[in-house]
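The values are calculated or read from the model by the stated rules, or taken from the named source; none is laboratory data. Since the model is a prediction, treat every value here as computed from it, not as a measurement. Cβ placement follows ideal geometry from the backbone for every residue including glycine, while neighbour counts extend to all protein chains displayed. Calculation scope for accessible area: heavy atoms of the full protein, side chains included, ligands and nucleic acids excluded. Shrake-Rupley method; radii C 1.70, N 1.55, O 1.52, S 1.80 Å.
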Amino acid sequence: MKFNSVYIESGAIKHKRTSEILQKIDYKKIIEVDHYKDVFCRPRQNYYLQHKNQNLILAVKHDNFLYPGAEVCQDFGYNKFYWCSSVMNCICDCEYCYLKGMYPSGNLVVYVNLEDYFKNIHDKKYICVSYDTDLFPLESTLGYIEKWCDFAKSYPDITLEIRTKCKNLSVWKMEAPTNVIFAFSVSPDSIIKMYEHKTSSLAARIENFETAQNCGFRTRLCIDPIIYCADWKEKYSEMMGKIDVSKFEDISVGSFRISQQYLKNMRKYSESKLVNFPFKNVNGYYQYEPELQASMEEYVCSLLPRNKVFLWK
């Protein structure tokens with residue numbers, strides 16, 4: 001990983017993990033700051049320009065280690081459903097990613113005090129730990145997937161979800177924890193090439209989850225978001241013909257949706273055809289027209305064993 005600048009909070013300078021990360025990356029200069037928000041939350045930033053040449057920010061998390069699950073996220077039947085961010089922003093570049101509308105900066109923030117997360121969440125039930133990033137391409141630098149899995153082994157009443165669009169076969173060398181679910185997001189190759197930049201190809205994603213399954217890891221398939229294109233039926237049918245769904249614990253299905261404010265923010269800078277698609281605003285969330293949304297979701301579900309499907313509503 002290469003960065004022009006690494007900003008480090010004064011409180012993170014002497015943290016052991018800070019020096020470990022610096023040894024594994026290439027960078028031109030280090031800039032010490034009082035607080036990461038002095039860089040991350042500056043006014044009049046352009047997320048899209050920053051993301052093309054991301055800088056790294058190393059910080060310390062002090063509070064708000066957990067957040068209640070959002071309405072647009074699947075809770076998979078859990079009453080106590082939470083998410084957390086040990087990393088903010090992603091090195092992947094999906095055009096439709098809600099992070100582009102949520103965060104003021106495209107720079108990558110890593111909280112180095114991961115152990116403080118563990119101290120504050122041991123009494124929770126179901127926690128998604130990678131909604132604001134993809135930890136897989138960062139694993140050789142951070143090792144956070146392995147650390148989260150080690151934590152989970154000590155708290156069997158907690159279930160963790162780690163989601164990815166990226167191949168990293170080295171992850172499967174560790175012992176498979178029984179209370180961690182690895183969720184694999186898939187899209188047809190044409191959608192990946194058009195909108196999901198810097199992510200793995202469909203073939204690579206399939207190799208990734210098949211290796212995980214063969215090594216005994218719990219797996220979830222995520223066909224979410226379903227993205228409309230002119231020949232969407234053929235594309236999604238062809239994709240599903242390549243995937244053995246019988247080996248997945250369950251399957252998440254949902255069409256594209258995003259909060260109205262996030263999409264408004266994204267449209268200030270993005271020329272993406274997908275971002276500027278004429279979505280319909282339904283109760284504060286932009287999504288496809290109801291008939292199109294229902295058609296896509298029903299068709300994809302028809303390709304799957306319904307007893308395994310969690311459908312977003």
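Sparsely packed loop sites in region 153-212 (the GluC sites (Glu not before Pro) outside DSSP H, G, I, E and B with at most 16 other Cβ atoms within 10 Å) comprise GLU175. For a Förster distance of 41 Å, can you work out the FRET efficiency between the beta-carbons of SER10 and HIS122, rounded to the nearest 0.05? Rounded to the nearest 0.05, the efficiency is 0.90. Split the accessible area of the chain by element, probe 1.4 Å, and carbon with sulfur accounts for 47%.
Averaging the Cα positions of each part gives two centres, and for region 1-75 and region 271-287 these lie 29 Å apart.
Note on the chain: helix-only mean residue ellipticity at 222 nm, from DSSP H runs of 4+ residues weighted -39500 (n - 2.57) and normalised by residue number, equals -8000 deg cm²/dmol.
Once the C-beta distance of LYS29 and LYS193 is scaled by a Förster radius of 41 Å, the resulting FRET efficiency is 0.75 to the nearest 0.05. Projected onto its three principal axes, the C-alpha set of region 1-143 covers 47, 34, 28 Å, listed from the longest axis down.
Label-to-label distance, ASN64 versus LYS247, with points set 7 angstrom from Cα along the beta-carbon direction: 4.0 nm.
The stretch between ASP38 and GLU234 holds 65.8 nm of extra length on full extension. This uses 0.36 nm per residue minus the Cα-Cα distance. For the pair ASP157 and LEU303 in one chain, pulling the backbone fully straight at 0.36 nm per residue adds 49.2 nm over the alpha carbon distance.
Past 22 Å, Cα to Cα, is the threshold; run LYS125/LYS153; LYS37/LYS153; LYS198/LYS273; LYS100/LYS268; LYS100/LYS193 against it and keep the listed order. Before the final figure, lay out each step's value.
On the way: LYS125/LYS153 14 Å; LYS37/LYS153 33 Å; LYS198/LYS273 18 Å; LYS100/LYS268 11 Å; LYS100/LYS193 19 Å.
Over 22 Å Cα-Cα: LYS37/LYS153.
Restricting to Cα atoms and excluding each atom paired with itself, what does the Kirkwood estimate give for region 68-214 in Å? Walk me through the intermediate numbers first.
Numbers: mean 1/r = 0.0625 Å⁻¹.
When all Cα pairs of region 68-214 are included, the Kirkwood radius is 16.0 Å.
Once R0 is set to 22 Å, what does the formula 1/(1 + (r/R0)^6) return for the Cβ-Cβ distance between GLU271 and LEU292, expressed as a FRET efficiency to the nearest 0.05? So the FRET efficiency works out to roughly 0.45.
Using 0.36 nm per residue and subtracting the Cα-Cα separation, the extra length available between SER140 and VAL282 on full extension is 47.0 nm.
For the chain, the solvent-accessible area works out to 46 Å² per residue, with a probe of 1.4 Å and every protein chain left in place. With the gyration tensor restricted to C-alpha atoms of region 135-259, the semi-axes of the equivalent ellipsoid amount to 26, 15, 14 Å, longest first. In this rough spin-label picture, where each label sits 7 Å from Cα along the Cβ direction, the LEU169-GLN261 distance is 4.4 nm. Does region 182-313 come out rounded, prolate or oblate by the C-alpha gyration tensor, with a ≥ b ≥ c the root eigenvalues, rounded set by a/c under 1.5 and, if not, prolate when a/b is larger than b/c and oblate if not? Here region 182-313 falls in the prolate category.
Which order do the peptides 143-149, 218-224 come out in when sorted by mean C-beta neighbours inside 10 angstrom, highest first? Could you put the intermediate results ahead of the total?
Working: 143-149: 19.3, 218-224: 21.9.
Taking the mean over residues of other Cβ atoms within 10 Å, the ranking is 218-224, 143-149.
For volume of the Cα convex hull per residue in Å³, the choices are (1) 165; (2) 117; (3) 132; which was calculated from the structure? Here volume of the Cα convex hull per residue in Å³ agrees with entry (3). Quick one: helix 202-214 against the long Cα principal axis of the chain, what's the angle to the nearest 10°, folded into 0 to 90? Approximately 80 degrees, to the nearest ten. In the complete set of protein chains, residue-level accessible area for ASP116 is approximately 50 Å², probe 1.4 angstrom. In the chain, the longest principal axis of the Cα atoms and the axis of helix 144-154 are about 80 degrees apart.
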